Structure formats: structure tokens, C-alpha cells
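Have a look at the structure below before the remarks.
The values are calculated or read from the model by the stated rules, or taken from the named source; none is laboratory data. In this text, all values refer to a predicted model and were calculated from it rather than measured experimentally. Cβ coordinates were reconstructed from backbone atoms using ideal geometry, including for glycine residues, and neighbour counts include every protein chain displayed. Protein only, heavy atoms only, side chains kept; ligands, DNA and RNA dropped before computing areas. Shrake-Rupley method; radii C 1.70, N 1.55, O 1.52, S 1.80 Å.
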Amino acid sequence: MIEGSVMGPPAMLHEGFGLVQKVRPEHLTSFITPEADLFSVWHLGIPDVSPDSWTLRVGGLVSHELTMSLGDLRGMEQTEITSVHECAGSPLAPTVPQRRAGNVRWSGVRLGELLGMAGIEEGATHVISTGIDHGVYDGTHHERYEKDLPLAKALDGSVLVALSVNGAPLPVRRGGPVRLVVPGYYGTNSTKWLDSLTVADRRSTGPFTTRYYMDPPGDGSDRAVPVWELAPNSCLVAPVDGDAHVGEPVEIWGWAWANEPVRSVEVTTDGGRHWTPARVTPRTAYGWQRFSCPWTPGTVGEHVLACRATTNSGATQPATPRRNRVHQRVVFVDQGNRGSQGQGSWGDQGRGDQGIRGSQGAGAPGRAPRRSR
């Protein structure tokens, strides 16, 4: 353990906001998302970090301040947790869904263990985390990126001071060498390039907890709500155009997740006129859950597929503009092999769908561009 370290602001490898999103929901075919396919977002830039000189300070309402090196953390017991990593979307447009999510394995030191070493003093209610990144966001220069979380969440055993992702050391572009990981919370709370943890008796007063990432009041309340816990969400992986043919069974499947376990998922093939329960696998740790439902299309043409998840407590995805709005996709059902056999003609259009009730509108042979929203 280092007896103290003072460092100035680091140079920046990249300045200002950045986003890398390589894949869309239809590409998320693996339970564990490869690190290279996981989205990356940064608000202020990417700092030039030296693992050899990096330190983490734990202070505030504690009995003993700590200053830990990377080697100190590596020498402690490592815990691995699988969890969904989801972007809350732009704080400047919080009602616009982004569909940025992945499911990864994080490994590191439990935050609760570090706080136990420091000794939490009476009156503490929150833990404030800061990163060493600095720069301009939304036209204003910010000296640091700072977030907070309730002390109860910090001590629940799930929050990590993470050193690796999917079994490999955290790269700098992913927030390495050390970042906070808060399973069940939106990614904005998992501070990257973590250099300090402060136990406090109040929330952070920084802009990323007051001006940004605060949802407007709802449900009769007059107080804004922190963007902390993952709201129920889901995405369709399959089918896409080219997968669905008249009279041939196809699997509708995807992923569902929330801060708490997802109890049920419903799917529709007719834009929401009829919903059918899907099969949902149990949750592992904080990971996402696979849902699936068989579908035998009965008509050629465009079908509007959608999915909506409901949690154990009854929370569900809305159809109105929200970051977790119901995911929809337009899939064109073609004739497949039936056309070459002289079947699948206009006279078949009234059969309806088997397995899930779908659109009854007439269609014409051919293909249409895929649309997902």
C-alpha cells in the first residue's frame, strides 16, 4: 500500500466525447459479448494512463484513508461477476432508445472489501467515484468525471473495482487499468479510469449527477430521479429478413434484462395487436436472460415484431418514448421454397399465423429492406 500520491491531470489520448458501437441487436448472438463487440462511450476523452504509476485513493468518512496501487489490488482476492452492461443513452436526449448493451464477465476486488478496510464512519450514505479523465462536454470544461451510488448498493457484494473484462486486463479504451463496475446499474455509474472513492453523507454535487443523468419527476413525484437502476429492457436477435418463410417454423428469440430478474417476456408479430408469452431462461448473476418463442408465418409480407419484458416486481417496458421503449423490428416474410412448388399463392394469404397470431394483411412475393427501431 502506498503512503500517498499526488498526480496532476493526465494528458489525453482522445479529447471530448466519443462513441464506438460496432454491432446491433441482431448481432448479439452469444451469451457473453466479446469485448471487441462491446460498445464504448466516453464523455470527456480518453486519458493517457500509466499502470505503473496509477493509484486509487479511498477517503472521506472513513477511519483510515487508503492509497492502493495496481499491484495492491491484484494481490487481493478477485471476484468475477457476469452482468449486463447497458448505456443509458445521451443525457441530452434521455427518451431516445440506443440499444447499446452487452453481457460480459468482470473481475476485480469487491468495493465492500475496500470500504471495510478503510472503516466506514457513522452518517455515511453514499460513495462518490471519480475518474482521471477531464475535458469538454456539452460546451463546458469539466475537471473530472464524477458519479455516486447509495452506500447500500456499494456494500451489497456485487460492485467491483474491476481489473479485467472477459478474462483479459482492462484496456485503456475500456476504462483501464481500473474502473468501477456497478451490476444492475446503467453504465454511466461505472466510472472509468477510477482514481478515487469518497465515502460521503450526501450525493455528489457534480454535473453528471445533477445536470445530467437525472430523469424528470414521474408517478406524482416532484423530484428528479437519478439514472441508477436498469429499467426492464429487451431486444430481438432473430429473425431478420431472409429467415422467415410462409408455413415454415422459425424461432423468435432475444435477450431481456433489468436490475432485478425478468419474470416474463411477450412477443408480437402484428405490431402489438396480439401478444404471446415467450419462454424465459433463469437469470445467472446479473446477466441477461434468453427468451424464445416459435412462430410459423402464415402470410407473405411485412410483419412488425416486438418484445417486452416484465420484472418480478411488475415493472414492464413502455411503448412510449423512453430509453427502454419496446423494441420493434419489421421482418419481411417470403415464400421460401413454396414459390418454386407453385404454392404460397394469393389464395394462401388468409390462413393466418401458426404459433403466434400475426398480421393478416395480404402481401406479395419478393423481399423488402430490413427495418429495426
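Tabulated data
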read-out	value
Residue satisfying condition, being buried (at least 24 other Cβ atoms within 10 Å of the Cβ) and on the phi < 0 side of the Ramachandran plot, within set 277, 297	297
Identity of the residue in segment 202-222, within 19 Å of residue 323 (Cα to Cα) and in a loop (DSSP other than H, G, I, E, B), that ends up least open to solvent (accessible area, probe 1.4 Å)	212
Single match in 269, 284 (criterion: over 30 Å from residue 205 (Cα atoms) and either open to solvent by 20 Å² or more (accessible area, probe 1.4 Å) or charged (D, E, K, R) (or both))	284
Selected residue [part of a strand (DSSP E or B) and open to solvent by less than 60 Å² (accessible area, probe 1.4 Å)] from 112, 59	59
Close pairs from segment 329-344: first within 30 Å of residue 319 (Cα to Cα), partner hydrophobic (A, V, I, L, M, F, W, C) and at pLDDT below 55, Cβ under 6 Å, at least 6 apart	332/368
Yes/no for residue 184 being under 15 Å from residue 42 (Cα atoms) and open to solvent by less than 20 Å² (accessible area, probe 1.4 Å)	no
Test result for residue 199, more than 14 Å from residue 127 (Cα to Cα), part of a strand (DSSP E or B) and open to solvent by less than 20 Å² (accessible area, probe 1.4 Å)	no
Any hit, segment 117-128, residues being hydrophobic (A, V, I, L, M, F, W, C), open to solvent by 40 Å² or more (accessible area, probe 1.4 Å) and in a loop (DSSP other than H, G, I, E, B)	no
Filter result for the condition that a residue is under 30 Å from residue 214 (Cβ atoms), touching a Ser or Thr at 6+ places or on another chain (Cβ under 9 Å) and open to solvent by less than 30 Å² (accessible area, probe 1.4 Å), over 40, 69, 83	83
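So that you can scan it fast, the table gives a plain yes or no per residue for (1) in a loop (DSSP other than H, G, I, E, B); (2) within 19 Å of the chain's Cα centre (by Cα); (3) farther than 21 Å from residue 229 by Cβ; (4) among the hydrophobic types (A, V, I, L, M, F, W, C):
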{"position": "283", "(1), (2), (3), (4)": "yes, yes, no, no"}
{"position": "290", "(1), (2), (3), (4)": "no, yes, yes, no"}
{"position": "294", "(1), (2), (3), (4)": "no, no, yes, no"}
{"position": "303", "(1), (2), (3), (4)": "no, no, yes, no"}
{"position": "309", "(1), (2), (3), (4)": "no, yes, no, yes"}
{"position": "313", "(1), (2), (3), (4)": "yes, no, no, no"}
{"position": "321", "(1), (2), (3), (4)": "yes, yes, no, no"}
{"position": "330", "(1), (2), (3), (4)": "no, no, yes, yes"}
